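The values are calculated or read from the model by the stated rules, or taken from the named source; none is laboratory data. It should be emphasised that the depicted structure is a prediction, and the values quoted were computed from it without experimental measurement. All Cβ positions, glycine included, derive from the backbone under ideal geometry; neighbour counts span all protein chains shown. These accessible areas exclude ligands, DNA and RNA; they are computed on the full protein's heavy atoms, side chains included. Shrake-Rupley method; radii C 1.70, N 1.55, O 1.52, S 1.80 Å.
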Amino acid sequence: MGRIYSFNSSEFISDPEILETIGSRGARVMELASLGAPIAPGFILSNELLGEIVEDPSIAFDLYKKPIARMEQTLEKGFNDKDNPLLVKVAESPTLNMVRTLSSIHNIGLGDHTVDGFASFVGEGFAYHEYGNLVQKIIELELLTDVKQERAKKLQKYRDALKSATNQKTVKKDTVKQALDSGRDLFPEEIYTNTHEQLMYVVKIFHALFQASTSSVDSSLVVQGMVFGNFGKNSGFGNFYTHDIIEGENVISGEYFEQAFDAREKEGVSLQEVSKKFYKELERIGKELEKYFKEIRSVRFTVENGKLWVIDQQPVPNKSTQAEIKTLLDLHKEKVVDDEYVVQAIKPGRLSEILHAALDESSVRKFKSAAGGIAGAVGAAIGRVYFSTDSLLKAHKRAIQENQPADFILAMPSTFAEDVKAIEVAKGVLSSEGGYASHAPVVARSLGKVALVYPNARFLKNSMKIGDTEVKEGDYITLNVPYYEKPTIYFGAARLSKPTPEGSGLLEFLDIVQGQIEDFDVHANADQPKDAELSRTFNASGIGLCRTEHMFFADDRINTFRSMIIADSSEERAEVLEKLEPMQMDDFYQLFKIMKGLPVTIRLLDAPLHEFLPHTQDSMKSFVDFFREGHPKISEKEIRLRCDLLEEFNPMLGHRGIRVAVSYPEIYNMQIRAIFQAAYKLKADEGIDVVPEIMIPLVMTANELKTIRNGKRIEGKAIVGVEEIEEGVRKEMKVKDALDYKIGTMIELPAAALQADRIARYADFFSFGTNDLTQTTNGLSRDDFNNFFSDYNEFDLLEENPFKVLGEQVKEMIAIAAERGRLTRPDLDLGLCGEHGAEPENIPFAKDSGLNYVSTSPYGIPIAKLAIAQMNIKRREEGGESNN
């Protein structure tokens, strides 16, 4: 025979085998009971027993006679009692993990003979509303069965009459009675006059529906007593979260609705206004639930005639990442969870929520919006729109001077190196060209800004059109670029929550994460002191990429640097570089000091020289005026001509990287001198041992790197090697002992990957520049690829964006270069410094290929670290190799 299982605050089932058979809802009730929560008593009819009851209804009463008697005793009410009736609800308890189940039936026990007794406690309107609603729900349940068409029409008509009677603002007894009488002959009279028969009728319908459904065929039924928050003066309804779900504070937070059945009846008050006795008990229940489930839970409760009853508890899908992390930290402190559990509980991408501002959804409900686009850098940003770097910088300066809000969005078809300074002061950047790995998103990620590529944006003279909405310069927009959902542009200024790593629990969480990281770790892509400081806050184990070209765009440098680029002779160029050298030395000094002896990889100038030249009328005018101050005899026409001559048809494959060092060796000479000057000065000033790593970009062959490392002289020309420059600086500064330093290269061309064994003769490290390596391996432009990626994706020609998730061919290039490089130099350091380093999907490959680290923008460090820690834990659990 099937089984019936009773439950109350002291009676429950804990046998795992039985819990599996009584379904998820039944198991949840038993869990609550096992924690000593004051739950309304009830019983569970197993699936097997349901069939037996339907076959022989006469056994039903004997089976649940004792469970109902216990319910009556606990709740001090009587089933079928006309003066103080016990009401119950019946709910499906599925064994499958179902999103939707059959509707529960509430208030079984209401009938002609009990409704007035119930009304004496809750009021006539409420009592008759619930009676009419009960019959209506029975009808709706029966309509789901294989009912004949003629009966179905009559049932629908009866249901509509009951719905009309119970949907009135003020429900009247006579109206409901009239509606009940209108279809009374459709059911046996006993369901109106005998609560036991009413319960049996509902059980039979549920059983019929279970038998007809493959997803419900194994379901059980939960029968539970009902309690009411409107059952007299000392009654109420409430709900709470076991932790604050936004800030994560370790307090229960929720609302209490006095003399109310549910939250719809009236305004709630703070949970703290519930009596201290109840509040303490709710706190206790909340703590027990968190310890059991190891997460924040949502709890519903009712106070009936001064007695507290827990109605239900569930997980909280909309809790913030901060709240989730703080809850885990509190549980960790109480030794409820260990380090590994904490690390595995959070998806890496969710950390973006703490690192960037988040949108307050309630503030944009009435805003016009446009959804879609490519998420370049996640987060939310509001600001007034400006369509050029010059106009945004002017607006920013004016706002600062006038003490006005300095919130701006840079909106342009695409951005260039000279636009970095505008992205730096803006809250976000909106572009229409390119994709995830194009200039604006890459820079935005490195600066912790928001970026959205919206291909359908049309730029006009002083405005842009998105759909049918025109946005003029100075108008407010809000960019919302979440990690897992579609981006949206809102037209107007929304409200945002500000990112606060300190106090959010993130830093404490990262300390636990660090304990699961072995010898494969994360470096930072950092060019500015604030980026280096932030990366150390996030436990970066060094700087894996310092892009020196970004250092020259400051207002006090850019025109000087431009003067060097268009200089007419090497002597003139050297003169300008002499002015820039102290600035570069100070740049490196600050980075070395912040990193306190950790490795700092400095990539020498890589960007095409024309990128530094003016791209707008205002910036060209500014440069012409600046240059003519020192060269009054040179005309504006000549200056413009020199700039035009540096234009290239395909600059990303043109005069950049090591090619600049060969044509203009004095540029790299200046940078290398500045690196060693900074390193030796810091050692002398503060006793900090510096580990500089000098990276030569865009190498094709071993001979190129050999030439830069060792130097080369031909008749009338010379390239001074790195080692010779270091020796010269050491002598100038009268330093006795040479510091340890490394010379390496960025592998970003297939030619370099294939020649890695020969290049490794002259390289102490390789750093894989996967953005360019993806471009050059696949022949794809990262700025234009998204024009056709959706077509390729639609036809399953490319499943993933190769500028986000490493493609097979690029992986093969990295694997080849790593293997060949280490054959020549077994102690070769290997890192990955492209944007792929922050994508969790790329982490296992990077580690398995023998790399020592990945490098990413500061805001990507926590995400990459968490992905590494989770990978290590998973592999240990699977018995895989450890990194140690």
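Side notes on the structure shown:
- Distance in nm between pseudo-label sites at Glu636 and Glu402 (7 Å out along the Cβ direction from Cα): 2.9 nm
- Between Gly492 and Ile477, Thr478, the built amide H atoms are under 5 Å apart, and every one of these is 5 or more places off in sequence or on another chain.
- Eligible aspartates and glutamates near Lys731 by straight Cα distance, threshold 19 Å, same-chain separation 8 or greater: Glu578, Glu581, Asp685, Asp689, Glu723, Asp740
- Theoretical gain in end-to-end length, Thr170 to Asp62 [0.36 nm per residue, Cα-Cα removed]: 34.8 nm
- Checking every one of the trypsin sites (Lys or Arg not before Pro) in the range 660-743 against DSSP loop status and a limit of 14 other Cβ atoms within 10 Å picks out Lys734, Lys736.
- For the chain, accessible area per residue (1.4 Å probe, heavy atoms of protein chains only), Å²: 44 Å²
- For the residue pairs Lys397/Lys621; Lys498/Lys865; Lys368/Lys397, alpha carbon separations beyond 27 Å are given by Lys368/Lys397.
- Whole-Å distance, taken between Cα centres, linking the range 222-291 and the range 111-169: 29 Å
- Extension gain for Asp644 to Thr616 (0.36 nm times residue separation, less C-alpha to C-alpha distance): 8.8 nm.
- Size estimate for the chain follows the Kirkwood approach: the inverse of mean 1/r over distinct Cα pairs works out to 32.2 Å.
- Solvent-accessible surface ranking, highest first, for His243, His129 at 1.4 angstrom: His129, His243
- Here is the list for the range 120-191: trypsin sites (Lys or Arg not before Pro) lying in DSSP coil, each with at most 16 other C-beta atoms within 10 angstrom of its C-beta, are Lys148, Lys169, Lys172.
- Solvent-accessible area, 1.4 Å probe, carbon plus sulfur percent, for the range 807-884: 45 percent
- Low-density loop positions, GluC sites (Glu not before Pro), the range 754-838 - DSSP coil, at most 16 other Cβ in 10 Å: Glu799, Glu800
- Normalised contact order of the range 96-180, rounded percent, pairs of Cα under 8 Å and 6 or more residues apart: 31 percent
- Ranking Val217, Val202 from most to least accessible surface, computed with a 1.4 Å probe over the protein chains only, gives Val217, Val202.
- Under 19 Å from the Cα of Lys465 - aspartates and glutamates, other chains or at least 8 residues apart: Glu433, Glu473, Asp475
- Centroid-to-centroid separation of the range 744-803 and the range 327-391 [C-alpha atoms, Å]: 29 Å
- Computed extension gain for Arg875 through Asn793, at 0.36 nm per residue and net of the alpha carbon distance, reaches 26.4 nm.
- Out-of-range pairs (alpha-carbon distance over 24 Å; input Lys169/Lys366; Lys347/Lys593; Lys157/Lys177): Lys169/Lys366; Lys347/Lys593
- Distance between the range 1-56 and the range 804-877 - C-alpha centres, whole angstrom: 50 Å
- Protein accessible area in the range 205-315, 1.4 Å probe - carbon and sulfur %: 49 percent
- Under the criterion of Cα pairs below 8 Å and six or more residues apart, the relative contact order for the chain equals 9 percent.
- For the range 630-712, the square roots a ≥ b ≥ c of the C-alpha gyration tensor eigenvalues yield an a/c of 1.5 or more together with a/b not exceeding b/c, which makes the shape oblate.
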